[in-house]
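The values are calculated or read from the model by the stated rules, or taken from the named source; none is laboratory data. All values reported here derive from a predicted model rather than from experimental measurement. Cβ placement follows ideal geometry from the backbone for every residue including glycine, while neighbour counts extend to all protein chains displayed. Side chains are part of the model used for accessible areas, which takes the heavy atoms of the whole protein and leaves out ligands, DNA and RNA. Shrake-Rupley method; radii C 1.70, N 1.55, O 1.52, S 1.80 Å.
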Amino acid sequence: QVQLVESGGGLVQAGGSLRLSCVASGSIFSLNVMGWYRQGPGKRRELVAAVTSGGRTNYAESVKGRFTISMDNAKNTVYLQMNSLKPEDTTVYYCNANLRRSIRSGPSDYWGQGTQVTVSS
């Protein structure tokens, strides 16, 4: 089994900062990519940011320059530093990991339970 446990969500005023963390645990052979997605009510889940085990990053246009993603490979942990938060950033954020559970298995996606981020104006 693989588990993703998120932390760090909460309530913050516009212009403030939050840091999300997500730890992957369980039977993990290799982590390929970890990332953060968000999904509002009635909306599609969208990529916020992702990082490969080699350190390559990808960001949604709406968060470039404000959010920074990083990964600690030794701890199987991904972080999302969110600065200059806006009310439109309010929604549930989900951690994602693309990983292999064994040398014989192909890559699969796993999701965390989600953490609420609320930005007040």
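When the residues of segment 91-107 are narrowed to those that are of a type outside the set (Lys, Arg) and open to solvent by 50 Å² or more (accessible area, probe 1.4 Å), which ends up farthest from the chain's Cα centre (by Cα)? Filtering first and then ranking leaves Ile103. For segment 63-74, taking the residues that are open to solvent by 60 Å² or more (accessible area, probe 1.4 Å) and modelled with pLDDT of 95 or more, the one that is nearest to the chain's Cα centre (by Cα) is identified as Thr68. Restricting attention to segment 41-58, the residues that are open to solvent by 40 Å² or more (accessible area, probe 1.4 Å), closer than 15 Å to Tyr94 by Cα and not acidic (Asp, Glu) add up to 5. Restricting attention to segment 20-31, the residues that are loosely packed, with under 14 Cβ neighbours inside 10 Å and either closer than 25 Å to Arg66 by Cα or out of contact with any strand residue (DSSP E or B) (no Cβ under 9 Å at 6 or more places or on another chain) (or both) add up to 0.
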